[in-house]
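Below: the structure, in structure tokens.
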Amino acid sequence: MTLLKIATIGHPLLRERSREVSLPELGSAEVQTLIDDLIETMRDANGAGIAAPQCYRLLRICVIEVKGNPRYPHLPDIPLLVLVNPVITPLSPETFNNYEGCLSVPNLRGLVARHTHVKLAYTDRAGQPIEREVRGLAACILQHECDHLDGTLFVDRVKDPRSLTTLADYERFHRGAFLDSLRVLLNAEVSR
Ligand code: ZN
């Protein structure tokens, strides 16, 4: 496996639409190796997810995993998900203001409204079509990763630019209030 280079904001590739992956292509050694490399790169960079275009490959593939993440110590664990050609449909107008960061936008966080209940349709890495409902923080992370496949970065969706903060100032001034609102979301998720 190989650690991939991560493109940062300003690189034109991050603004392009990635293309669908065909089934024969998904079965190829090249794409299976790319998936392994994306997983390794995400884990190495302590990301909660990474999308192929962030690693200079314009294919509709992203991976998500949260496991005791030091960049996001407040996040509950989310088991590894490999999404090929994912499609997200909101199932409720309800949103959550998520303080997001991105491996392609170094040292910046900002508040983005994300749907908290979505339908996720995708193909897994073995080529099986899967449909499931996703709620809470995992739904928010999904929307962030899938945005990358359409050339959208979280900064495009920040409604109030005054919420933008460096990581150090997020921890100093914003983390407390955000963790309070996150607790409300996570409790709502657990009580469902
Ligand atoms: Zn990102």
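Is it true that some residue in the stretch 101-110 is closer than 14 Å to V134 by Cβ, part of a strand (DSSP E or B) and in contact with a helix residue (DSSP H, G or I) (Cβ under 8 Å, 6 or more places away or on another chain)? No, the stretch 101-110 contains no residue that is closer than 14 Å to V134 by Cβ, part of a strand (DSSP E or B) and in contact with a helix residue (DSSP H, G or I) (Cβ under 8 Å, 6 or more places away or on another chain). Summed over the stretch 29-55, the residues that are more than 16 Å from the chain's Cα centre (by Cα) and either among the charged types (D, E, K, R) or surrounded by 13 or more Cβ atoms within 10 Å (Cβ to Cβ) (or both) give a count of 6. Somewhere in the stretch 85-93, is a residue more than 20 Å from L75 (Cβ to Cβ), touching a residue at least 24 places away in the same chain (Cβ under 8 Å), surrounded by 17 or more Cβ atoms within 10 Å (Cβ to Cβ) and away from the ligand (no atom under 16 Å from the Cβ)? Yes, there is a match, as at least one residue in the stretch 85-93 is more than 20 Å from L75 (Cβ to Cβ), touching a residue at least 24 places away in the same chain (Cβ under 8 Å), surrounded by 17 or more Cβ atoms within 10 Å (Cβ to Cβ) and away from the ligand (no atom under 16 Å from the Cβ). Among the residues of the stretch 58-84, write down those that are of a type in the set (K, R) and surrounded by fewer than 19 Cβ atoms within 10 Å (Cβ to Cβ). Within the stretch 58-84, K67, R71 meet the criteria. For the stretch 133-192, name all the residues that are among the hydrophobic types (A, V, I, L, M, F, W, C), in contact with a Gly (Cβ under 9 Å, 6 or more places away or on another chain) and within 25 Å of A51 (Cβ to Cβ). Correct list: I141, L142, F154, V155, V158, L164, L167, L185, L186.
If only residues of the stretch 6-28 that are more than 21 Å from V155 (Cβ to Cβ) and not acidic (D, E) are counted, the one that is surrounded by the fewest Cβ atoms within 10 Å (Cβ to Cβ) is P24. Every test in (1) buried (at least 19 other Cβ atoms within 10 Å of the Cβ); (2) more than 12 Å from the ligand (Cβ to nearest atom) is passed by R109 save one, and that test is (2). Of the residues that make up the stretch 143-157, is at least one in contact (Cβ under 8 Å) with a residue 40 or more places away in the chain, surrounded by fewer than 19 Cβ atoms within 10 Å (Cβ to Cβ) and part of a helix (DSSP H, G or I)? Yes, the stretch 143-157 has at least one match.
A short reminder: the numbers here are calculations on the coordinates, not readings from a lab. Everything numeric here is computed off the predicted structure, so don't read it as measured data. Reconstructed Cβ throughout: ideal geometry from the backbone, glycine too, with neighbour counts over all protein chains shown.
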